[in-house]
1. With the requirement that a residue be at pLDDT below 85 and among the polar types (S, T, N, Q), what does the range 234-246 give you?
2. Only one of these is modelled with pLDDT under 95 and touching a Phe, Trp or Tyr at 6+ places or on another chain (Cβ under 7 Å): 293, 321, 277, 289. Name it.
3. Within the range 175-199, can you find the residues that are closer than 15 Å to residue 220 by Cβ and touching a residue at least 40 places away in the same chain (Cβ under 8 Å)?
4. What's the total number of residues in the range 41-86 that are of a type outside the set (A, V, I, L, M) and more than 24 Å from residue 105 (Cβ to Cβ)?
5. What residue, of 245, 249, 220, 300, is of a type in the set (Gly, Ala, Ser) and farther than 19 Å from residue 114 by Cβ?
6. What are the residues in the range 236-252 that are in a loop (DSSP other than H, G, I, E, B) and not β-branched (Val, Ile, Thr), if any?
7. Within the range 228-235, can one find any residue that is outside any loop (DSSP other than H, G, I, E, B), crowded, with 24+ Cβ neighbours inside 10 Å and out of contact with any Lys or Arg (no Cβ under 9 Å at 6 or more places or on another chain)?
8. Here are some residues: 114, 60, 54. Which one is touching a strand residue (DSSP E or B) at 6+ places or on another chain (Cβ under 6 Å), modelled with pLDDT of 85 or more, of a type in the set (D, E, K, R) and in the same structural domain as residue 246 (by TED's automatic domain parsing)?
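The values are calculated or read from the model by the stated rules, or taken from the named source; none is laboratory data. Small disclaimer: the values here were computed from a predicted structure and weren't measured. So basically every Cβ, Gly included, is an ideal-geometry build from the backbone, and we count neighbours across all protein chains shown.
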Amino acid sequence: MNARSGRAMNGAFALGVLATAIAFLTLTGLLPGVARRYYLLLPGGAFSVTERVRVPANLRQESGDLSLTVVYQRPATFPDALLQSARPGVRVVPYRAVIPVGQSEEESSRANRRLMDESQVSAAVVALKALGYAVGASGDGVRILSTLPGTPAAAQFIRDDVVTAIDGENVGTANEAVERIRRHRPGDAVSFSMRRGDQSLVVDLVTESTPGSPDQPRIGATIETINYRADLPIEVSIESGSVVGPSAGLMFALGIYDALTPGRLGGTHRIAGTGTIALDGRVGPVDGIAQKIVGAENAGYDVFLVPIAVEAEARRAARTIQVVPIRAFDDALAALTGM
């Protein structure tokens with residue numbers, strides 16, 4: 001999650017890394033005085049999930065110390081970006097790495113708010129299924145809102161195309177689409193079944209590396225779920241506040257499960273973490289891991305749950321915190337129950 005102008009976002013966009021002022025100049029090819037806009041990604045904070053999860057009072061149980069993590073971000077001019085890029089834990093990224101071409105800041109914020117809303121429902125579905133409830137969630141496909149110029153998506157998609165399957169597997173939600181794409185490596189071919197008006201099409205795209213995260217694939221599209229819905233057997237809600245995007249999904253699911261079961265997940269440990277959550281419980285990678293690790297350590301947490309796909313990056317950033325790699329929701333439950 002990132003914070004722009006006091007707002008927290010969960011880091012749905014892949015962002016570049018610039019560690020020093022020299023590296024900044026080298027990688028961007030810019031000279032002082034060039035008028036461009038940037039964003040600074042800064043070590044963020046950790047916020048209690050327990051305080052945000054709402055379940056029926058008669059079912060509420062004691063909860064452990066579980067927290068989601070965010071990355072703070074703010075706009076910067078060239079001189080400010082140049083100066084800040086030398087600070088430990090700070091990433092400098094182009095403006096368009098945060099706000100896609102064709103979108104305003106307000107439109108970007110709305111798109112990430114929709115992803116946050118969807119991730120909350122997915123978290124509730126996963127947690128309640130783990131508790132033995134019959135529950136499901138679905139959507140009617142994934143709408144293309146925009147594409148980044150020069151990316152694989154721009155060559156094949158247009159606004160309002162509706163993706164219905166990826167690699168032959170049906171997809172009903174945006175979070176499912178993201179998770180399917182992230183199963184691949186950059187350079188892999190991915191097949192998309194879609195509707196364009198009255199036409200049914202199948203197109204193949206070759207993923208590319210995400211700037212700053214070379215092991216992460218992307219196609220370069222902004223998407224939303226059509227008619228996202230869920231049938232929950234008990235009332236569950238989450239107060240996300242200013243946090244947007246899908247990367248708190250794992251921690252929300254753990255928070256819901258913990259609120260509805262006896263005992264404290266993680267015992268006396270202070271647990272922070274991040275990761276998207278798919279409807280089948282799989283945990284997906286997110287960006288800003290280094291900033292989240294630093295923020296959690298600064299806040300005194302001793303355990304950090306991290307998607308296994310970005311475990312190496314997390315371990316490079318960690319100084320004192322215990323990094324626990326997670327593939328799926330059940331892995332997280334097992335790790336916390338054993339503490």
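1. The answer is 240, 242.
2. 277
3. Selection gives 177, 178, 182.
4. Residues in the range 41-86 being of a type outside the set (A, V, I, L, M) and more than 24 Å from residue 105 (Cβ to Cβ): 14 in total.
5. Residue meeting the stated conditions: 300.
6. 239, 240, 241, 242, 245, 246, 247, 248 - these are the residues of the range 236-252 that are in a loop (DSSP other than H, G, I, E, B) and not β-branched (Val, Ile, Thr).
7. No.
8. Matching residue, one of 114, 60, 54: 54.
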